[in-house]
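A.B. asks: Got a structure for you, questions after.
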Amino acid sequence: MRMPHPLTTAAALVLALVTPVIAADAISGDVKKVDEANAKITLHHGPAKSLGMDEAMTMVYRVKDAALLKGLKPGDKVKFEAQEDASGYTVTKIEKGK
Ligand SMILES: [Cu+2]
């Protein structure tokens with residue numbers, strides 16, 4: 001078995017880290033409030049068909065991992081993905097928009 005070239009592996013790892021993992025149907029929004037202690041974020045966002053939200057709104061989302069909130073602050077433009085679960089909506093991915 002051929003071993004992968006170490007440099008190629010390193011380059012692939014760097015690419016994996018910098019390449020956006022947000023899907024095309026991600027929701028655009030902006031941050032209203034960040035609550036890292038409780039792993040929650042308040043987001044204003046436009047219509048989000050994937051979540052069954054037909055109108056723009058401001059709402060509180062849980063986040064899968066409080067680490068997702070690192071570096072986010074009110075006023076930031078973001079793109080995010082969320083899923084509905086028994087207790088509400090949970091952000092699974094979020095990144096700052098341009
Ligand atoms: Cu919403």
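A.B. asks: Within region 70-79, restricting attention to residues that are in a strand (DSSP E or B) and of a type in the set (D, E, K, R), which residue is nearest to the ligand (Cβ to nearest atom)?
C.D. replies: Of region 70-79, the ones in a strand (DSSP E or B) are 77-79.
Okay, now just the ones that are also of a type in the set (D, E, K, R), so 77, 79.
Working: Lys77: 16, Lys79: 14 Å.
Taking the candidates together, the pick is Lys79.
A.B. asks: What number goes with the only condition from (1) free of Cβ contacts under 8 Å to residues at least 40 places away in the same chain; (2) within 9 Å of the chain's Cα centre (by Cα) that Asp65 does not pass?
C.D. replies: Of (1) free of Cβ contacts under 8 Å to residues at least 40 places away in the same chain; (2) within 9 Å of the chain's Cα centre (by Cα), only one is false for Asp65: (2).
A.B. asks: Something else about it: Given the criterion part of a loop (DSSP other than H, G, I, E, B), among the aliphatic types (A, V, I, L, M) and either within 12 Å of the ligand (Cβ to nearest atom) or at pLDDT 90 or above (or both), identify the matching residue among Ala82, Ala67, Ala23, Ala37. I'd like the intermediate steps shown before the answer.
C.D. replies: Values: Ala82 fails: part of a loop (DSSP other than H, G, I, E, B); Ala67 fails: part of a loop (DSSP other than H, G, I, E, B); Ala23 fails: either within 12 Å of the ligand (Cβ to nearest atom) or at pLDDT 90 or above (or both).
Step by step, each of Ala82, Ala67, Ala23, Ala37 is checked, and only Ala37 is part of a loop (DSSP other than H, G, I, E, B), among the aliphatic types (A, V, I, L, M) and either within 12 Å of the ligand (Cβ to nearest atom) or at pLDDT 90 or above (or both).
A.B. asks: Here's another thing I want to ask about it. So, in region 45-64, how many residues would count as being near the ligand (Cβ under 9 Å from one of its atoms) and over 17 Å from Glu84 (Cβ atoms)?
C.D. replies: 2
A.B. asks: Only one of (1) at pLDDT 90 or above; (2) under 11 Å from the mean Cα position of the chain (by Cα); (3) part of a loop (DSSP other than H, G, I, E, B) is not met by Glu55, so which one is it?
C.D. replies: With respect to (1) at pLDDT 90 or above; (2) under 11 Å from the mean Cα position of the chain (by Cα); (3) part of a loop (DSSP other than H, G, I, E, B), Glu55 is out only on (2).
A.B. asks: Kindly provide the set of residues from region 50-75 that are surrounded by 13 or more Cβ atoms within 10 Å (Cβ to Cβ) and among the β-branched types (Val, Ile, Thr), ordered by number.
C.D. replies: From region 50-75, those surrounded by 13 or more Cβ atoms within 10 Å (Cβ to Cβ) are 50-51, 53, 57, 59-64, 66, 68-69, 72; that's our starting set.
Across region 50-75, the qualifying residues are Val60, Val63.
A.B. asks: Turning to a different aspect of this structure: Just to verify a result, which residue in region 68-98, among those that are closer than 16 Å to Ser28 by Cβ and of a type in the set (Gly, Ala, Ser), is farthest from the chain's Cα centre (by Cα)?
C.D. replies: Among them, the one singled out is Gly75.
The values are calculated or read from the model by the stated rules, or taken from the named source; none is laboratory data. Values in this document were obtained by computation on a predicted structure and should not be read as measured data. FYI the Cβ positions are ideal-geometry reconstructions off the backbone, even for glycines, and counts take in every protein chain you see.
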